[in-house]
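**Q** This structure is in structure tokens; I'll ask about it shortly.
The values are calculated or read from the model by the stated rules, or taken from the named source; none is laboratory data. Please read all numbers here as calculations on a predicted model, not as lab measurements. Cβ placement follows ideal geometry from the backbone for every residue including glycine, while neighbour counts extend to all protein chains displayed. To get the accessible areas, we keep the full protein, side chains included, count just its heavy atoms, and leave off ligands, DNA and RNA. Shrake-Rupley method; radii C 1.70, N 1.55, O 1.52, S 1.80 Å.
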Amino acid sequence: MAKERGRPRTSTVLWDGVQRLLAGAGAGGAAGPRSVVDLGGGTGGLAVRVAALGHDVVVVDPSPDALAALERRTAEAGLSARVRSVQGDATELAGLLPPGSADVLLCHGVLEVVEDPSAALRAAHDVLRPGGRLSLLVTQWPATVLARVLAGQLPQALHALSDPDHRWSGSDPLRRRFDRAGAVELAEAAGFTVTGVEGTRTFSDLVPAACAESEAEAALLRELEARAARSPELLALAGHLHLHATR
Ligand SMILES: C[S@@+](CC[C@H](N)C(=O)[O-])C[C@H]1O[C@@H](n2cnc3c(N)ncnc32)[C@H](O)[C@@H]1O
């Protein structure tokens with residue numbers, strides 16, 4: 001697992017969830033490669049892992065720099081035949097990809113930065129085939145408040161708590177953060193049926209880095225994360241929410 005100063009960067013809960021969603025996304029339950037769109041897929045960390053499972057991935061992202069990095073990454077992994085990059089905005093999706101063409105749409109960390117999250121989700125809905133699956137990952141605001149308090153940044157914590165978009169200040173790089181009710185409502189308003197919500201990174205960003213250095217400690221942290229993901233009581237504390245939804 002990738003690590004940054006002792007903390008795992010990749011959520012096992014998220015990756016397990018994505019794999020379950022991919023497995024369940026075949027038309028009529030069929031196995032085989034899925035047609036996957038990674039909306040706002042950036043430099044392709046997730047797209048390459050999905051392609052390595054044998055699926056075909058189209059990464060749509062407005063950033064030419066991110067797409068250049070993606071192309072280098074896929075070439076290094078020998079997966080260029082399975083990953084295609086398309087430069088564009090979420091709201092242009094209908095003009096970039098055929099409607100109803102995708103089995104799975106990944107939208108991770110994107111609704112926080114786009115101008116109109118509802119329009120982005122409606123576009124995501126239309127590019128999926130009926131019965132296709134949405135994997136939606138959003139940043140949760142209560143975790144941000146908690147993290148700022150623990151870091152002693154009380155003005156930012158108060159701002160994140162009281163601001164309607166839950167930004168920690170005017171210079172916050174995110175335009176907004178979500179909670180469970182808001183994220184589910186947004187997905188349902190775009191026409192999705194939400195089939196599950198899992199919390200990811202409940203503890204990974206809070207644990208002191210020095211306490212997750214050894215493999216044994218990392219394994220304990222993974223176990224804590226896996227149990228927290230299934231705990232309704234801890235869901236509100238998760239750094240991110242992973243919504244599983246069906247068109
Ligand atoms: C926080 S990054 C997430 C990257 C990747 N999905 C991940 O989970 O690591 C946000 C991504 O959204 C892309 N993005 C920003 N505005 C967008 C838009 N209007 N439509 C689609 N993607 C957008 C950015 O270029 C960036 O790659």
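**Q** If we scan segment 126-133, do we find a residue that is part of a helix (DSSP H, G or I), open to solvent by less than 20 Å² (accessible area, probe 1.4 Å) and within 14 Å of the ligand (Cβ to nearest atom)?
**A** Narrowing segment 126-133 to residues part of a helix (DSSP H, G or I): 126-127.
Then drop every residue that is not open to solvent by less than 20 Å² (accessible area, probe 1.4 Å), which leaves 127.
Retained after the next criterion (residues that are within 14 Å of the ligand (Cβ to nearest atom)): 127.
Scanning segment 126-133, I find at least one residue that is part of a helix (DSSP H, G or I), open to solvent by less than 20 Å² (accessible area, probe 1.4 Å) and within 14 Å of the ligand (Cβ to nearest atom), so the answer is yes.
**Q** Find all pairs meeting these conditions: Cβ atoms under 6 angstrom apart; at least six residues apart or on different chains; first residue within segment 36-58 and over 17 Å from P98 (Cα atoms); second residue open to solvent by 40 Å² or more (accessible area, probe 1.4 Å) and modelled with pLDDT under 95.
**A** Note: pairs meeting the criteria are G54/P33; H55/P33.
**Q** Of (1) aliphatic (A, V, I, L, M); (2) open to solvent by 30 Å² or more (accessible area, probe 1.4 Å); (3) in contact with a Phe, Trp or Tyr (Cβ under 6 Å, 6 or more places away or on another chain); (4) modelled with pLDDT of 95 or more, A160 satisfies all except one. Which?
**A** Unmet for A160, out of (1) aliphatic (A, V, I, L, M); (2) open to solvent by 30 Å² or more (accessible area, probe 1.4 Å); (3) in contact with a Phe, Trp or Tyr (Cβ under 6 Å, 6 or more places away or on another chain); (4) modelled with pLDDT of 95 or more: (2).
**Q** Here's a follow-up. If I ask for residues that are hydrophobic (A, V, I, L, M, F, W, C) and either over 22 Å from R148 (Cβ atoms) or open to solvent by less than 70 Å² (accessible area, probe 1.4 Å) (or both), which ones from segment 216-230 would you list?
**A** Here is the first cut: in segment 216-230, the ones hydrophobic (A, V, I, L, M, F, W, C) are 216, 218-221, 224, 226, 228-229.
Within segment 216-230, A216, A218, A219, L220, L221, A226, A228, A229 meet the criteria.
**Q** Here is a further query. Restricting attention to segment 191-210, which residues are open to solvent by 30 Å² or more (accessible area, probe 1.4 Å), over 15 Å from G17 (Cβ atoms) and modelled with pLDDT of 90 or more?
**A** G191, T193, F203, listed by residue number.
**Q** With (1) more than 18 Å from L121 (Cβ to Cβ); (2) touching a residue at least 24 places away in the same chain (Cβ under 8 Å); (3) out of contact with any Phe, Trp or Tyr (no Cβ under 9 Å at 6 or more places or on another chain) as the list, and P33 as the residue in question, which single condition is left unmet?
**A** All conditions are met except number (2).
**Q** Can you tell me which of E188, E213 is modelled with pLDDT of 95 or more, in contact with a strand residue (DSSP E or B) (Cβ under 9 Å, 6 or more places away or on another chain) and exposed (fewer than 15 other Cβ atoms within 10 Å of the Cβ)? Before the answer, list the steps.
**A** Numbers: E213 fails: modelled with pLDDT of 95 or more.
Answer to the selection: E188.
**Q** Identify all residues within segment 69-122 that are in contact (Cβ under 8 Å) with a residue 40 or more places away in the chain and assigned to a helix (DSSP H, G or I); write none if there are none.
**A** Within segment 69-122, A90, L93, P117, S118, A120, L121, R122 qualify.
**Q** Okay, moving on. Return the residues of segment 142-152 that are within 16 Å of the ligand (Cβ to nearest atom) and either at pLDDT below 95 or not hydroxyl-bearing (S, T, Y) (or both); say none if nothing qualifies.
**A** Of the residues in segment 142-152, the ones within 16 Å of the ligand (Cβ to nearest atom) are 143-144.
Across segment 142-152, the qualifying residue is only A143.
**Q** Also: I'm checking my understanding of the structure. Among residues of segment 77-125 that are within 13 Å of the ligand (Cβ to nearest atom) and of a type in the set (S, T, N, Q), which one is most open to solvent (accessible area, probe 1.4 Å)?
**A** By that ranking, first place goes to Q87.
**Q** Another question about this same structure. Give the residues of segment 16-43 that are outside any helix (DSSP H, G or I) and within 16 Å of the ligand (Cβ to nearest atom), sorted by residue number.
**A** At the first step, the residues of segment 16-43 found to be outside any helix (DSSP H, G or I) are 24-26, 30-43.
Of everything in segment 16-43, those that are outside any helix (DSSP H, G or I) and within 16 Å of the ligand (Cβ to nearest atom) turn out to be V36, V37, D38, L39, G40, G41, G42, T43.
**Q** May I ask you to say which residue of A119, A66, A47, A94 is over 28 Å from L234 (Cα atoms) and at pLDDT below 95? Can you show your working first?
**A** On the way: A119 fails: at pLDDT below 95; A66 fails: at pLDDT below 95; A47 fails: at pLDDT below 95.
It is A94.
**Q** Condition first: closer than 18 Å to L111 by Cα and outside any strand (DSSP E or B). Can you find one or more residues in segment 230-239 that meet it?
**A** Step one: filter segment 230-239 for residues closer than 18 Å to L111 by Cα, giving 238-239.
The next check asks that each one be outside any strand (DSSP E or B); those that pass are 238-239.
Within segment 230-239, one or more residues are closer than 18 Å to L111 by Cα and outside any strand (DSSP E or B).
**Q** Shifting gears a bit: On the given criteria, is V145 part of a loop (DSSP other than H, G, I, E, B), β-branched (V, I, T), touching a helix residue (DSSP H, G or I) at 6+ places or on another chain (Cβ under 8 Å) and surrounded by 18 or more Cβ atoms within 10 Å (Cβ to Cβ)?
**A** On the way: part of a loop (DSSP other than H, G, I, E, B): no; β-branched (V, I, T): yes; touching a helix residue (DSSP H, G or I) at 6+ places or on another chain (Cβ under 8 Å): yes; surrounded by 18 or more Cβ atoms within 10 Å (Cβ to Cβ): yes.
So V145 does not fit the description; no.
**Q** Now for a different question. Condition first: farther than 22 Å from A238 by Cα and in contact (Cβ under 8 Å) with a residue 12 or more places away in the chain. Can you find one or more residues in segment 2-22 that meet it?
**A** Taking segment 2-22 as the starting set, the residues that turn out to be farther than 22 Å from A238 by Cα are 22.
If we keep only those that are in contact (Cβ under 8 Å) with a residue 12 or more places away in the chain as well, we get 22.
Scanning segment 2-22 turns up at least one residue that is farther than 22 Å from A238 by Cα and in contact (Cβ under 8 Å) with a residue 12 or more places away in the chain.
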